[in-house]
Structure formats: structure tokens, C-alpha cells
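Novice: One structure follows; several queries about it will come next.
The values are calculated or read from the model by the stated rules, or taken from the named source; none is laboratory data. It should be emphasised that the depicted structure is a prediction, and the values quoted were computed from it without experimental measurement. Methodologically, a virtual Cβ is constructed for each residue, glycine included, from the backbone with ideal geometry; neighbour enumeration extends over all protein chains shown.
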């Protein structure tokens, strides 16, 4: 029984560690993406201003692609936020399980007492 609890404890701690790393990676990716979007938003001259009247079809297509890129970037950011929230929730559940396991170990059980 003790070995099984130890094995589960180790497994849960490993999962918690992996999820914590995953959350950190996702947060770093989200921050990097936010910096890109902020840069482009704050520096429209970097890509030029959108033309009020497109000089040609190619220029109009470039701006459509740019707008699609920004929309896709926002969608990816939202997906990352959702993924981070799910990882955090799972990490919290693992932490609670580890806490329950620790309390279980501290509680004397009838099968543990000598007869």
C-alpha cells in the first residue's frame, strides 16, 4: 500500500512538473505573440498605412493578408489563453490530489495498526 501511494505521489508530481513547464512555455509564447502584435499596432509605418484607395489589386491583397494575419494571431492568442487555463486547472487538481494523498498518509488506518 505504501509503495503504491509513493508511486502515485511520484507520478502526480511528475505530471505537475510537466504541466508547470507547459504553462510557462505557453505564457512565453503568448507574451512573444503579444509583443509582435503590439509592435505592428504601434508601428503601422513598419508595414505602411492601409491605403484608402488601393493603387492596384496586389496592394489590396497584401492588406487583406495583413488583416487576416492579425485576426489569426488574435485567435492563436485566445487558444493559448485557453490552453494555459486548462493546464492551470489540471495542475491545481494534481496539487489538490497530492495534498489529499499527504493527508491520507498522515491519517492512521485500521489496516496499519498491529493486531
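Novice: Identify the residue in the stretch 1-14 that is surrounded by 12 or more Cβ atoms within 10 Å (Cβ to Cβ) and over 10 Å from residue 98 (Cβ atoms) and, among all such residues, is modelled with the lowest pLDDT.
Specialist: Among those residues, the one meeting the criterion is 5.
Novice: Out of (1) touching a helix residue (DSSP H, G or I) at 6+ places or on another chain (Cβ under 6 Å); (2) at pLDDT 80 or above, what's the single condition that is false for residue 85?
Specialist: Checking residue 85 against (1) touching a helix residue (DSSP H, G or I) at 6+ places or on another chain (Cβ under 6 Å); (2) at pLDDT 80 or above, the one that fails is (1).
Novice: Considering every residue within the stretch 66-82, establish whether at least one is within 30 Å of residue 5 (Cβ to Cβ) and modelled with pLDDT of 85 or more.
Specialist: Scanning the stretch 66-82 turns up no residue that is within 30 Å of residue 5 (Cβ to Cβ) and modelled with pLDDT of 85 or more.
Novice: What's the number of the condition residue 24 fails, among (1) surrounded by 13 or more Cβ atoms within 10 Å (Cβ to Cβ); (2) modelled with pLDDT of 85 or more?
Specialist: (1) is the only condition that residue 24 fails.
Novice: Continuing with this model, one more query. Out of the residues in the stretch 73-87 that are under 8 Å from the mean Cα position of the chain (by Cα) and in contact (Cβ under 8 Å) with a residue 12 or more places away in the chain, which is nearest to residue 29 (Cα to Cα)?
Specialist: The residue in question is 80.
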